[in-house]
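Reading through the structure tokens given below for one structure.
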Amino acid sequence: AEQETEGAVDVARKRIFSALLPAKPLGSASKRITKGESPKWQGFTYQDVGPLFIRSENVLWGKLDLSEPMRISEEFHAKLERSRVHAGDVLINLVGASIGRACAVPKGIGEANINQAVAVITPASELDAEYLAQFLISPQAQEVLHSGKVDTARANISLCDLRELCVPLPPLSEQRRIVAELDALQAEVDRLKALQAETAAE
């Protein structure tokens, strides 16, 4: 079920984003689109303390899972200045089985960075981070991203694909209203799933 986003929420996303105009390329609605690097390739190892290191398994459909955090040295974090992650950024998986999963970075993340399988997008002021994350996991965006991916040994989305992806850009107030509507629907779906699980357990 983790691979599949819930049907009802996807239907709502598809309906909402289909109706929106105008659109512009994500590259021109963002301040930055880049990806991280592997510490092992650079001769660094993970450690118990230090900045958070986000990998593709941490980026789920619409949420960041930090239940099993990895950490890197301050030295490696300093070296990777361009891919530092801040609250209000958006992350998307570029490679492998979890390709296309995306989420906004929550407040209170502290010092953080990403590996080479994850891209970080810093939205421009006209684009709300939560709205962008919802758009990226919508059926429309997923279809475009998956059609462009290169089927080599491992499927991947390129930074160029992301920059060219057209994002509908209604006013910020409308973007936030859409996020609130989708969040409320997601909460209802989660509530029903919990209820079904309880019933099944009984």
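Projected over all directions and averaged, the alpha-carbon convex hull of the range 125-202 occupies 7.5 nm².
Approximating the spin labels as points 7 Å out from Cα along Cα→Cβ, the V144-to-D65 distance works out to 2.8 nm. Per atom type, the chain shows carbon and sulfur on 54% of its accessible surface, probed at 1.4 Å.
Among K14/K40; K14/K79; K31/K193; K35/K107; K40/K193; K35/K193, which pairs are too far apart, with a Cα-Cα distance over 29 Å? In this structure, K14/K40; K14/K79; K31/K193; K40/K193; K35/K193 exceed 29 Å between Cα atoms. Here the convex hull built on the C-alpha positions of the chain has a volume of 137 cubic angstrom per residue.
Couplings 3J(HN,Hα) for the range 77-91, derived from phi with the Karplus relation 6.51 cos²θ - 1.76 cosθ + 1.60 (θ = phi - 60°), are 4, 5, 5, 9, 4, 5, 10, 4, 10, 10, 3, x, 7, 10, 10 Hz, where x marks Gly and Pro. Packing, as the average of other Cβ atoms within 10 Å across residues, places the peptides 87-99, 28-40 in the order 87-99, 28-40, highest first. Computed with a 1.4 Å probe over protein heavy atoms only, the accessible surface of the range 1-146 comes to 46 Å² per residue.
The values are calculated or read from the model by the stated rules, or taken from the named source; none is laboratory data. Since we're looking at a predicted model, the values are computed, not measured. Glycine gets a Cβ as well: all are built from the backbone with ideal geometry, and neighbour counts include every protein chain shown. Note: accessible area is taken over every heavy atom of the protein model, side chains too, but ligands, DNA and RNA are not part of it. Shrake-Rupley method; radii C 1.70, N 1.55, O 1.52, S 1.80 Å.
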